Amino acid sequence: MILFAGIPSESPIALAIAAAEQLGLPHVVLNQRHAAHCQLRLDWGDAGLSGAITIGGSPIDLGSITGIYARMNDVGVLPEHRARGRAPPDAAALHRAQALCGLFDDLLEVFPGCVVNRPSAMGSNMSKPGQAQAITAHGLKTPSTLITNDSEAVRAFQAEHGRIIYKSISAVRSIVHEWQPGTDLAAVARLPTQFQAMVPGVNIRTHVVGDAVFASAIASDAIDYRYGERQGHETQMQATELPPEIAERCIALTRALGLVMSGIDLKRTPDGEFYCFEVNPSPAYSYFEEMAGQPISSTLARLLAGVT
Amino acid sequence: MRALILGHALDPTANAAAAALHQRGGWQVIRHDIAGLAGARWHQRLAADGVITTRIETADGDIGACDVVLNRLGSAQALAFPGWSPVDRAYGQAEWLALLLSWLIALGGRVIGAPAGSELCGPANRPWLWMAAAARAGLVVHPGGATTSIRQFPPPRGSAERPELLAAAASAGPGDRATGHAAAVVAQCELLLVGDAVFGGVDPGPAVRAAALALAAAQRTPLLALTLAQAVDDPQWRFVAADAAPVVAEGAPLAALADLLQARAA
């Protein structure tokens, strides 16, 4: 039995649940919005982990669960735990939800079956240059990069590479912008900033699910295709094939980061080279499944059910 | 040889290690806390093929590539960014964390107290992760558990409270509550691992010592403190908890830490 956890209406969870239903795979859903009404027990004994979860009914033995797909949110941001008008949030309900979600996070870490993905495996997302070291160690190139709080170094880097972009290096999402020579660099002195040589070519978003690889080529004139339509650029997407050695490196990189599923941002240059920008450990794959017709959710559901 | 010791000015391990290296002679010991690092001029270059270089210009010169680093850095949230908005401050802390992680990862085996995941001086595992890691390493884990409702899932009779097994304690309603628990303990001991050396007032036997060293190796941390316990009618020493940033400030463990720094620098 598959356990889905998160907000069931969120697209990646919704698609995975729909896929399990379509494939006839047994599953249960832990709706995080109802967390205050669910119960969980974990025990560590001489036989290892055991436990049970109650989701609005009889307890479900954790031993009957084959895989877990979780996209949990910070409990405090959910609507039912916010203040309503002048009424403060229900502190007891918030604490119950926090206790459940905290223990559920522990379950995700130590559950012996398939977990997509374990919270501790999200760590590489906290440092993009740290993650880049894992990327290059697996035979994938990354753009030439400078992280500095020295404005003169930025100018020298631009002179060396021509067109350069800047973006965040942490898990905080940022829109990629091109840096134009002559732009004020005073802010760089206050906080080290990442600059990268601009790599020309086609963006290829690659999703790894276990041993399966789904690559989607993205046609967009925007510097950051994720925000292209907002900036008036059209975005088109279609399924594509990666060279086998690139696909194998993507699988190996995903495993090395402790992930079962990943969203890897690649770019194929006009001369056929592949560059890797980053690995997303909690990919919102639904956009790519819907735009490029990739069977990602059904592959995920089979993997979680242990069905080949 | 140059040793870079990172941590708060009052960190007893950082202070003791610095003093021990000075006493041995032949060392240039450089101390910095996280604010000192944030005040430096940074240049980190990553080439397309993965070659990474970091230059960190401070009053002590470039500290980007010392011979060995003892890392005791805490959270990047110690960076205050006075005058910044809360959103900008959180962003600044996240970006500094990312850069410090990248630098320390690139230094590889030269760092004692290497980062793990998103932790600067890790691994700062939750208790359940330590229990699973300890079991994989061959240690027998002291029985314990947690429940979000003692009414629906009551702890075993005779068990003791172990609140840290639940990330967030809570009342679960009238007459109910969430709690962590563990089997009652009749004896407890601490082991301190420094490199290949194991220190402690009680000898738990060669099998436990070997498994403890295997746990440290699997977690890639040469410094590790372990808490072991014996349950009622059971002479077996069982794993309870671990700390990958223990205090090592005196005696034979401190000498072993100085040896370890010397070996890593060589």
>> Anything in the range B:3-29 that is in a helix (DSSP H, G or I) and closer than 14 Å to B:V247 by Cα? List them, or say none.
In response: B:P12, B:T13, B:A14, B:N15, B:A16, B:A17, B:A18
> So which pairs qualify, if the first residue must be in the range A:80-106 and under 19 Å from A:I7 (Cβ atoms), the second must be part of a loop (DSSP other than H, G, I, E, B) and of a type in the set (K, R), the Cβ gap must be under 6 Å, and the two must be at least 6 apart or on different chains?
Replying inline: A:P89/A:R82
> Listed residues A:A93, A:A36, A:A70, A:A14; which is farther than 30 Å from B:G144 by Cβ and either among the acidic types (D, E) or surrounded by 14 or more Cβ atoms within 10 Å (Cβ to Cβ) (or both)?
Replying inline: A:A14
> Restricted to the range B:69-102, and to residues that are within 21 Å of A:K167 (Cβ to Cβ) and among the charged types (D, E, K, R), which residue is surrounded by the fewest Cβ atoms within 10 Å (Cβ to Cβ)?
Replying inline: B:D88
> For the range A:17-64, which fully contained strands (runs of 3 or more DSSP E) count at least 1 residues that are of a type outside the set (K, R), within 13 Å of chain B (Cβ to nearest Cβ) and in contact with a Ser or Thr (Cβ under 6 Å, 6 or more places away or on another chain)?
Replying inline: A:39-45
> In the range B:128-143, what residues are surrounded by fewer than 20 Cβ atoms within 10 Å (Cβ to Cβ) and either among the polar types (S, T, N, Q) or more than 7 Å from chain A (Cβ to nearest Cβ) (or both)?
Replying inline: B:R136, B:A137, B:G138, B:V140
> For the range B:69-92, how many residues meet the condition of being in a helix (DSSP H, G or I), within 13 Å of chain A (Cβ to nearest Cβ) and farther than 26 Å from B:A3 by Cα?
Replying inline: 6
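Per-residue answers, yes or no, for (1) at pLDDT 95 or above; (2) surrounded by fewer than 16 Cβ atoms within 10 Å (Cβ to Cβ):
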site	(1), (2)
A:A197	yes, no
A:H207	yes, no
A:D224	no, no
A:G228	no, no
A:H233	no, yes
A:E241	yes, yes
A:E248	yes, yes
A:L253	yes, no
A:A256	yes, yes
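Residue by residue, here is whether (1) under 30 Å from B:F153 (Cα atoms); (2) among the β-branched types (V, I, T); (3) under 15 Å from the mean Cα position of the chain (by Cα); (4) surrounded by fewer than 16 Cβ atoms within 10 Å (Cβ to Cβ) holds:
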| site | (1), (2), (3), (4) |
| --- | --- |
| B:H181 | yes, no, no, no |
| B:L192 | no, no, yes, no |
| B:G200 | no, no, no, no |
| B:A217 | no, no, yes, yes |
| B:P235 | yes, no, no, yes |
> Would the range A:149-157 turn up any residue that is in contact with a Pro (Cβ under 8 Å, 6 or more places away or on another chain), crowded, with 17+ Cβ neighbours inside 10 Å and either acidic (D, E) or within 10 Å of another protein chain (Cβ to nearest Cβ) (or both)?
Replying inline: yes
>> For the range B:105-115, which positions are surrounded by 17 or more Cβ atoms within 10 Å (Cβ to Cβ), among the small types (G, A, S) and within 10 Å of chain A (Cβ to nearest Cβ)?
In response: B:A106
> Does A:I7 qualify as being touching a residue at least 40 places away in the same chain (Cβ under 8 Å) and buried (at least 22 other Cβ atoms within 10 Å of the Cβ)?
Replying inline: no
>> I need the full set of residues from the range A:75-90 which are loosely packed, with under 14 Cβ neighbours inside 10 Å and under 27 Å from the mean Cα position of the chain (by Cα), in order please.
In response: A:G76, A:V77, A:P79, A:R82
>> If B:P123 meets every condition in (1) assigned to a loop (DSSP other than H, G, I, E, B); (2) more than 9 Å from chain A (Cβ to nearest Cβ) apart from one, which number is that one?
In response: (2)
> Does any residue of the range A:80-90 turn out to be at the interface with chain B (Cβ under 7 Å from one of its Cβ atoms) and either polar (S, T, N, Q) or farther than 30 Å from B:W96 by Cβ (or both)?
Replying inline: no
> From the set of residues in the range B:30-57 that are in contact with a helix residue (DSSP H, G or I) (Cβ under 7 Å, 6 or more places away or on another chain), free of Cβ contacts under 8 Å to residues at least 40 places away in the same chain and in a strand (DSSP E or B), which is surrounded by the fewest Cβ atoms within 10 Å (Cβ to Cβ)?
Replying inline: B:R31
>> For the range A:200-308, give me every one of the strands (runs of 3 or more DSSP E) that falls completely inside it and has 3 or more residues that are hydrophobic (A, V, I, L, M, F, W, C).
In response: A:202-209, A:212-219, A:261-268, A:274-280
>> Report every pair of residues separated by at least 6 positions or lying on different chains whose Cβ atoms are under 8 Å apart, first residue within the range B:147-158 and closer than 19 Å to A:A35 by Cα and within 7 Å of another protein chain (Cβ to nearest Cβ), second aromatic (F, W, Y) and assigned to a loop (DSSP other than H, G, I, E, B).
In response: B:T147/B:F153
> Pairs under 7 Å by beta carbon, first residue under 15 Å from A:R71 (Cα atoms) in the range A:108-125, partner aromatic (F, W, Y) and crowded, with 20+ Cβ neighbours inside 10 Å, six or more apart or different chains?
Replying inline: A:E109/B:W128; A:V116/A:Y69
>> Quick check on the range A:138-148. Is at least one of its residues at pLDDT 95 or above, crowded, with 23+ Cβ neighbours inside 10 Å, in a helix (DSSP H, G or I) and not β-branched (V, I, T)?
In response: no
> Is there any pair with a first residue in the range B:233-258 that is under 25 Å from B:E164 (Cβ atoms) and a second that is outside any loop (DSSP other than H, G, I, E, B) and among the aromatic types (F, W, Y) whose Cβ atoms are under 8 Å apart and which are 6 or more apart or on different chains, and what are they?
Replying inline: B:F239/B:W130; B:A241/B:W130; B:A242/B:W130; B:P253/B:F199
> Any residue at all in the range A:195-205 that is more than 9 Å from chain B (Cβ to nearest Cβ) and under 27 Å from A:G306 (Cα atoms)?
Replying inline: yes
> Just one of B:S102, B:S118 is at the interface with chain A (Cβ under 8 Å from one of its Cβ atoms) and within 20 Å of A:V154 (Cα to Cα); which is it?
Replying inline: B:S102
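The values are calculated or read from the model by the stated rules, or taken from the named source; none is laboratory data. Just so it is clear, the structure is predicted and the values come from calculations on it, not from any experiment. Neighbour counts run over all protein chains shown; Cβ positions are idealised from the backbone, glycine included.
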